[in-house]
1. Cβ-Cβ below 7 Å, separation at least six or inter-chain, first residue in the range 32-48 and more than 15 Å from GLY248 (Cβ to Cβ), second within 16 Å of the ligand (Cβ to nearest atom) and among the acidic types (Asp, Glu): which pairs?
2. For the range 398-432, how many residues meet the condition of being part of a loop (DSSP other than H, G, I, E, B) and at negative phi?
3. Can you say whether PHE259 is open to solvent by less than 10 Å² (accessible area, probe 1.4 Å) and away from the ligand (no atom under 16 Å from the Cβ), as far as the supplied structure shows?
4. Given the conditions (1) away from the ligand (no atom under 16 Å from the Cβ); (2) hydrophobic (A, V, I, L, M, F, W, C); (3) closer than 19 Å to LEU113 by Cβ; (4) surrounded by 22 or more Cβ atoms within 10 Å (Cβ to Cβ), which single one is not true for ALA244?
5. Filter the range 214-241 down to residues that are part of a loop (DSSP other than H, G, I, E, B) and within 23 Å of ALA121 (Cβ to Cβ) and give me whichever is nearest to the ligand (Cβ to nearest atom).
6. Regarding ASP198, is this residue acidic (Asp, Glu), crowded, with 24+ Cβ neighbours inside 10 Å and either more than 14 Å from the chain's Cα centre (by Cα) or within 16 Å of the ligand (Cβ to nearest atom) (or both)?
7. Could you list, in sequence order, the residues of the range 86-107 that are charged (D, E, K, R) and in contact with a Lys or Arg (Cβ under 9 Å, 6 or more places away or on another chain)?
8. Across the range 13-45, what is the total count of residues that are buried (at least 18 other Cβ atoms within 10 Å of the Cβ) and not in a helix (DSSP H, G or I)?
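The values are calculated or read from the model by the stated rules, or taken from the named source; none is laboratory data. Just so it is clear, the model here is predicted, and its values are computed rather than measured. Here the Cβ is made from the backbone with ideal geometry for all residues, glycine too, and neighbour counts use every protein chain on show. We work out accessible area using only protein heavy atoms, side chains counted, and drop any ligands, DNA or RNA first. Shrake-Rupley method; radii C 1.70, N 1.55, O 1.52, S 1.80 Å.
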Amino acid sequence: MSSPNAESTAFRSALEVIRAVEPRVADAIGAELTDQRESLKLIASENYASPATLLAMGNWFSDKYAEGTVGRRFYAGCQNVDTVEALAAEHARELFGASHAYVQPHSGIDANLVAFWAILADRVESPALKRAQVRQVNDLSEEDWFALRRELGDQRMLGMSLDAGGHLTHGFRPNISGKMFDQRSYGTDPATGLIDYDRVAEAAREFRPLILVAGYSAYPRKVNFRIMREIADSVGATFMVDMAHFAGLVAGKVFTGDFDPVPHAHIVTTTTHKSLRGPRGGMVLCGPELADQVDRGCPMVLGGPLPHVMAAKAVALAEARRPDFADYAQRIVDNAQALAEGLLRRGATLVTGGTDNHLVLIDVSGYGLTGRQAEQALLDSGIVTNRNAVPQDPNGAWYTSGIRIGTPALTTRGLGTAEMDATAELIHTVLSQTTPGSNADGTPSKAKYVLDPALADKVSRQATDLLSTHPLYPSVTLA
Ligand code: DSN
């Protein structure tokens, strides 16, 4: 462990150097720390990376191009990049028990694109695609490009529907995956809110997808990956899991056996900054059959790798291999369950009635609100969440009927189950005291709301008090 003094000195010095060039950037960085310190951050996909992880990103690696892979680069002078990329991949393999790890993706979307192209290249007999493997896509002749699109155009993907908690990158239209694949989705049982594996199997039998995708960004339960793999095998599909949200729970061995995707999936993608608590970025894990195609991610679908971020991934993955990370991962789930119980006790409606991961999905129609109204009212009260669709949401993806909350960030700060109950009280107070507003012409609005500003201020102060006993980055003082 470095000394708290060293961490403070490092960040202070960095800001001093930045301030000498553009003081407004230094001020904004300092203000961001203040805002993060003062808000009750319940965004399920956010966290607080360690000082070591943050500092690993601000250095000379940022200046280096390194297209290609370890030991096989399109640029000279990549020996130090090789060192950090190999270290990050080794930590990832050891942490997750995977035979291959590719740590270059810049985000979860990028990781999924790498996986999709690897599967297509492995599974689809496409002369044009084979040619694309050995050249830059930009170099494809127009004829090859049209051939490629024809040959790939009718490939099928089966993933979880958006309103059941699936992700845009699993074949939905606003993302390129929805244009690359003919997509169908599986939902959840309307009575329980849970995945009905028999229905997934039925959909797979009817649709015969090339890829079966599991993984979610707003499903508050475990997924049985052994059963999903059996379904994929029964129709000859490649089984892909996007574990972006729950990678920290896999790393911390909270999700094991049937609930650990790595032994069951052909290919696993993730982000590194959510429950895994690393830098912003993505990663792909796979077996030897797909490793070669995955390693072609850059330049096939990725821009040049970010060596400074790979260095930070290596640091964060090393942290996740320490025994205390397992304790952290278990506390994330304990806290989410305490939050869910606190909300249920106060009368909230939760999708699936609770949680067994890091997130809780409140159906705020029980409070007579849309997700948009609830999100803003909570924000006015110092509580940062995000609105999210619930299954069969009558308000669609923009206004929604849900609020998604997650515990990875507050757990990093050290808040425990008692504070989660206090947090449930604050959320319930705001939501039960907020009423829907009207448009200028008197019609009901899905965005406007009425909340007494005095109550919002009071809750905001209570949220600050709750956080004051668990300071964020206590070792870092900037003044
Ligand atoms: N934006 C991430 C989330 O909030 O879940 C996923 O893309």
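1. none
2. Adding up the residues that qualify gives 4.
3. For PHE259, the condition - open to solvent by less than 10 Å² (accessible area, probe 1.4 Å) and away from the ligand (no atom under 16 Å from the Cβ) - is not met.
4. Of the numbered conditions (1) away from the ligand (no atom under 16 Å from the Cβ); (2) hydrophobic (A, V, I, L, M, F, W, C); (3) closer than 19 Å to LEU113 by Cβ; (4) surrounded by 22 or more Cβ atoms within 10 Å (Cβ to Cβ), the odd one out for ALA244 is (1).
5. ALA237
6. No.
7. GLU94
8. Qualifying residue count for the region: 6.
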